[in-house]
Amino acid sequence: MRRAALLALWSHWRRHPLQLATLLAGLALATALWSAVQAINAEARASYARAAAQIGAGGLDRLEAPGGPIPLARYVALRRAGWQLSPVLEGSWRLGERRLRVAGIEPLSHPPLPAFAALAEDATALPQMIAAGGLLLAAPDLAADLATALHEMPGRPQVRASDQVPPGLVLTDIGVAARLLGRPDQIDRMLILPDQPIGLAPLSALAPDLQRLPGRAGSDTARLTDSFHLNLTAFGLLSFAVGLFIVHGTVGLAFEQRRAMIRTLRALGLPMRLLTGLMLAEVMALALLGGLVGLGLGYLVAAALLPDVAATLRGLYGAPVAGGLTLRPAWIGSGLAMALAGTLAASLHALWRAARMPILAAPGLQAWAERAARASRLQALAGLGLIAAGLGALWLIEGLIGGFALLAGLMLGAALLLPPALAALLRLGRRRARGVVAEWLWADMRAQLPGIGLALMALLLALATNIGVGTMVKSFRQTFTGWLDQRLISELYVTATDDDQGAEIARWLAPRVQAVLPIRSVDFTPGGAAAGQTVTVYGVVDDRSYRDHWPLLQTAPRAWDRVMAGEAVFINEQLARRVGIGPGDSLTLAPNWQLPIAGVYSDYGNPTGQAIVAMPSLLAHASAVPNRRFGLRLPAAEVPVLAEALRQRFDLPASALIDNAALKAQSLAIFDKTFVVTGALNLLTLGVAGFAILTSLLTLWSLRLPQIAPVWALGLTRSQLARLEIGRSLLLAALTALLALPLGLLLAWALLAVINVQAFGWQLPMALFPLDWLRLFALALLAAGLAAALPARRLYRLPPSDLLKVFANAR
Amino acid sequence: MPAKLILGLCMAILFAAPLRAQGYAGLGSTAEAGFATPEHGRPLVFPRDHGPHPEFRIEWWYLTATLAGPDGTPYGIQWTLFRSALAPGEAEGWQSPQIWMGHAAATSARSHHFAERLGRGGIGQAGVRTGPFEAWIDDWRMAGDDGLRALRLTARGGDFAYDLHLNAEGPLVLQGDRGYSVKSADGQASYYYSQPSYRVTGTLALPSGPVAVTGQGWLDREWSSQPLAADQSGWDWFSLSFETGAKLMGFRLRGTRGDFTSGTWIAADGTATALTPGALRAEPLESSDAAGPEVPVRWRLQLPERDLDIEIAALNPAAWMGTRFAYWEGPVQIEGSHRGRGYLEMTGYDD
């Protein structure tokens, strides 16, 4: 019996291969987008963890010379004074065409490194690293390149591959690094180790010229990038939900079509419980299959998107992320689990209905529709409730989570409200309809609504997300471009190799340009309201350029005069929002340095806090301020000549000089990369939604025959019916798209004014892009038209005998 | 002094994990690696041999002192500088293959403080030189004249420090056969000499406050390249000063083929007589795991040829050195046929 039942169930799919393909495709798409996002997130997080463990020392305070490198003898002298320090030498190393970062650490004093721990079994590792030719550790792909490239080098260092080394980095002993970089008697910084002996003379007395910088709090990168990953996750979840609409549609259709078979099987004596169990097993097997296909697809999507995500994270947060993807059990597990759970959720309704179906009942579409009408009032209430809950969550839950809860509430609530809203519109349309056909058309659409409603919800969500995210990205880009124009005042930026050269360059430039604007900054950890924040304080000289161009959001009277007199400070928007301070408040940068805030400036370059003071006040309050970077004002036409002269005179590397246009292009390139992924996911979601409409229409197709047959019998031709079919689909899509517009704008507002503030600390003005809406509207119509084309074509080609059969078959 | 400590130093350094007693077998033969081996009959020359011997794999400057406060409270301190060569020879700067490790400890009956320092050779952070003599790592120093007659000794850790003056009251003692000390029946050996007769004065800074101390110090100098046989897993080492003025250095190397004991009897006038292997009998009486693995903290020592039958007991059974190489090192009290104080070191118990 069981075998017979299984064969009978399976025969349905054999006879409906398209349906099977649709179900699997829906599942695979949903799983693919979700698991792609998960894979990207997992990869990025693994990279951070690796980097954090590798720089394990990141939490330690460090000692640096503001002007550049520190002589090795200073390290020895401080060690001999009792201070427990660990020296680090870093630099860029040219290997053929590539530039690599070499980090030389001293393995005896450095805090334990995972990459080194892996060498524990190898007694030859340390002698090789220190005493013999050296040992270079690098990520596997780089290690392979290194081994090949170093093959020719005499007394060449050995290369070992290590998964624990961040991408693009060569980790080695400080002695080897000194040799590779040609800097035998220099170090770049010293880590101040946690355990120090008693009775030490203070560092400020032993080395007043060195700057003690606070260690970064452990998971800085993770904290900064959390918002980015949360964004991606939200997107993945949305895609997944849209994909599930397809599954719901197809599974519902399969059950509708198998009613007769179910009845027959039960009449033959198959217990309901067994049948339900078999159907459940069938659905789960399909879910597993679709999920596996989805994982494969997801892997491909992730691999395609990861390089851009990695570039974004590097550019935006300086977070090192490898461009390569590794299979991780976590995301395989989560992807399959989501596929199974999602399918179960999408099929429960159908299973439940089949299980409760009376053996001999012959239910029709109308009954279903009537039940749906009753449910629709409840649904509207639930939608309103969800929106209210979202608003409540924003009110109650702090931070980004609250923002996303608002988004989730808005989107789901609006989706639930869609069918009642459409029903109302259709009722309105029917009232205004003239003629029998038109009246039938409106009424028929309403009857169809419960069946196609879910697909339309998917379309609504996809469209609204597109409008919302598109508006956010474009508004951001517009603001960012304007801000760059304003903020990048200087025509040419130059970076000296150390303070001495910096001073020399400044002297040399003074008579040759209109103004030399030093860019000097020091990190402070303020007290008072801003305690716990790290604020990078920039000193500026009094120059018209700043007064004319600096993008201030809020100002107090005589702001620039007061800042330049050392009586006030400007802070960036991030700091202002995070701490909740603004003009009129004051900022305590150091115990003896408190300044009133004269203004807040916009700053889209980084998520951290910044402040601006007059250069003399900065120098008076910070002992060691590097003086290596300068902005130069000069006529744009003279830039190339001056740049070349600077390069020749001071033997500067190409990277030390960058002109305004190049910097702007670089910044915009990073910006655009950031949203490549968003755009791609956006488009994929819309595609999935279009597919959902197709499956819904196919689902309805066979159910609608009994309703179309009488209309046909009354005299409408099949081609008229097919045209009406397409028109109906277009109309529903158009109505949905119209409703999606306000929802999308609401979403854009939430992203700009709530999510952005939480994630980055800045609020952006919202700009409207009606042309984009038109394009999207057309895209929605196209999707709906294409989706309806297949059923319409079938209808057009339907043998009249099939329509006649409707009257013969007692369904 | 303890050769085993240095075994596998290079591995422990990288991995900051307590090191197991590892045989030398894995490191390849000494000759293969190009290290020198001690030669029987080569005379020691001073002050040259007070300085480092980079062509040998391992070496140490090892000072222990039994001290007493103004009220007679017993204390002990340890100051050790180890040298371990990753390859034979010396080079300038970071290229030096020499690695230095310092251990310092201050022990009373109730507390045991210790600290550890590591440093690279070649850059000046750690090393030993003569003319005048100075052994140092970071701010820890043992420095004085080239005869090692008068030394100043300093070290500090997170919760203790000491600053001591040492004055020799007797001659240097060459251990074994004129400084050639055999360590196993297979002939493993080291160069080994001591200055066992320092009078010590100075200050001990403990969490409870500074204490003026006086007492007796014992310096050991030893270098070799392959000091243990493959089967030897650890050792127990005694430096004992008796109230009679006589002194005893004795050790027991524990091996699967049986224990190897040897040592030197030093008469009150400084005359040293090497013990024949096996003459000294050492028997653990009682063990404790007060601060780590279980180690014998009470021993019976017998040396029939000197009518010696004593029991020695740890001043503080918890004198465990939880450094990268963990071992037990602390002051002991002597009772029995002879009375006095000394130092005990036990390695290879943390397996």
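The values are calculated or read from the model by the stated rules, or taken from the named source; none is laboratory data. A quick note: this is a predicted structure, and the numbers were derived from the prediction, not measured. In this analysis, Cβ positions are derived from the backbone assuming ideal geometry, glycine residues included, and neighbour counts consider all displayed protein chains. Areas reflect the complete protein model, heavy atoms only, side chains present, ligands, DNA and RNA absent. Shrake-Rupley method; radii C 1.70, N 1.55, O 1.52, S 1.80 Å.
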* Would you confirm whether any residue within region A:118-135 is in contact with a helix residue (DSSP H, G or I) (Cβ under 9 Å, 6 or more places away or on another chain) and modelled with pLDDT of 85 or more? => yes
* Within region B:296-303, can one find any residue that is open to solvent by 10 Å² or more (accessible area, probe 1.4 Å) and either under 29 Å from B:Leu172 (Cα atoms) or polar (S, T, N, Q) (or both)? -> yes
* Any chance you could count how many residues in region B:82-111 are away from chain A (no Cβ under 14 Å) and among the aliphatic types (A, V, I, L, M)? => 1
* Determine whether A:Ala118 is in contact with a Ser or Thr (Cβ under 7 Å, 6 or more places away or on another chain) and on the phi < 0 side of the Ramachandran plot. => yes
* Among the strands (runs of 3 or more DSSP E) confined wholly to region A:479-594, which include 3 or more residues that are closer than 21 Å to A:Glu64 by Cβ and open to solvent by less than 30 Å² (accessible area, probe 1.4 Å)? -> A:515-524, A:535-540
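Do we have any residue at all in region B:107-129 that's under 20 Å from B:Phe46 (Cα atoms) and open to solvent by 30 Å² or more (accessible area, probe 1.4 Å)? Spell out how you get there, then give the answer.
Step one: of region B:107-129, the residues under 20 Å from B:Phe46 (Cα atoms) are B:127-129.
Filter once more, so that each one left must be open to solvent by 30 Å² or more (accessible area, probe 1.4 Å): B:129.
Checked region B:107-129: at least one residue is under 20 Å from B:Phe46 (Cα atoms) and open to solvent by 30 Å² or more (accessible area, probe 1.4 Å).
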* To do: Filter region B:121-141 down to residues that are within 9 Å of chain A (Cβ to nearest Cβ) and among the β-branched types (Val, Ile, Thr), then give me how many there are.
  => 2
* Somewhere in region A:360-378, is a residue at pLDDT 80 or above and either among the charged types (D, E, K, R) or out of contact with any His (no Cβ under 9 Å at 6 or more places or on another chain) (or both)? -> yes
* Asked: Given the residues A:Leu741, A:Leu779, A:Leu795, which is the only one that is in a helix (DSSP H, G or I) and open to solvent by 60 Å² or more (accessible area, probe 1.4 Å)?
  -> A:Leu779
* Structure fact -> Of the residues in region A:135-177 that are over 29 Å from the mean Cα position of the chain (by Cα) and acidic (Asp, Glu), the one that is surrounded by the fewest Cβ atoms within 10 Å (Cβ to Cβ) is A:Glu152
* To do: Would you mind telling me which numbered condition in (1) more than 12 Å from chain A (Cβ to nearest Cβ); (2) modelled with pLDDT of 95 or more B:Phe56 fails?
  => (2)
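So, in region A:604-623, how many residues would count as being part of a loop (DSSP other than H, G, I, E, B) and crowded, with 18+ Cβ neighbours inside 10 Å?
Initial filter on region A:604-623 (part of a loop (DSSP other than H, G, I, E, B)): A:604-608, A:622-623.
Right, trim to crowded, with 18+ Cβ neighbours inside 10 Å and you get A:604, A:607-608, A:622.
Selection size over region A:604-623: 4.
Hey, does region A:754-763 have a residue that's of a type outside the set (Asp, Glu) and loosely packed, with under 15 Cβ neighbours inside 10 Å? Break it down into steps so the answer makes sense when it comes.
Within region A:754-763, the first condition is being of a type outside the set (Asp, Glu), and the residues that meet it are A:754-763.
Still in the list and also loosely packed, with under 15 Cβ neighbours inside 10 Å: none.
The answer is no, given that none of the residues of region A:754-763 is of a type outside the set (Asp, Glu) and loosely packed, with under 15 Cβ neighbours inside 10 Å.
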* To do: Check A:Leu764 against each of (1) in a helix (DSSP H, G or I); (2) touching a residue at least 40 places away in the same chain (Cβ under 8 Å); (3) under 30 Å from A:Leu410 (Cα atoms) and name the one condition it does not meet.
  => (1)
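Considering only residues that are among the hydrophobic types (A, V, I, L, M, F, W, C), in contact with a Lys or Arg (Cβ under 8 Å, 6 or more places away or on another chain) and part of a strand (DSSP E or B), which ones fall in region B:260-297? Let's see the steps before the verdict.
Narrowing region B:260-297 to residues among the hydrophobic types (A, V, I, L, M, F, W, C): B:260, B:265-268, B:272, B:274-275, B:279-280, B:282, B:285, B:290-291, B:295, B:297.
From what's left, in contact with a Lys or Arg (Cβ under 8 Å, 6 or more places away or on another chain): B:260, B:265-266, B:280, B:282, B:285.
Selection gives B:Phe260, B:Trp265, B:Ile266, B:Ala282, B:Leu285.
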* Asked: Of the residues that sit in region A:79-106 and are open to solvent by 10 Å² or more (accessible area, probe 1.4 Å) and not in a strand (DSSP E or B), which one is farthest from the other protein chains (Cβ to nearest Cβ)?
  -> A:Glu97
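Scan region B:142-160 residue by residue and report those that are within 9 Å of chain A (Cβ to nearest Cβ) and surrounded by fewer than 24 Cβ atoms within 10 Å (Cβ to Cβ).
Residues of region B:142-160 that are within 9 Å of chain A (Cβ to nearest Cβ), as a first pass: B:155-160.
Passing the criteria: B:Arg156, B:Gly157, B:Gly158, B:Asp159, B:Phe160.
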* **Residue that is least open to solvent (accessible area, probe 1.4 Å) [pool: residues in region A:178-204 that are within 40 Å of the chain's Cα centre (by Cα) and within 14 Å of A:Gly134 (Cα to Cα)]** => A:Ala178
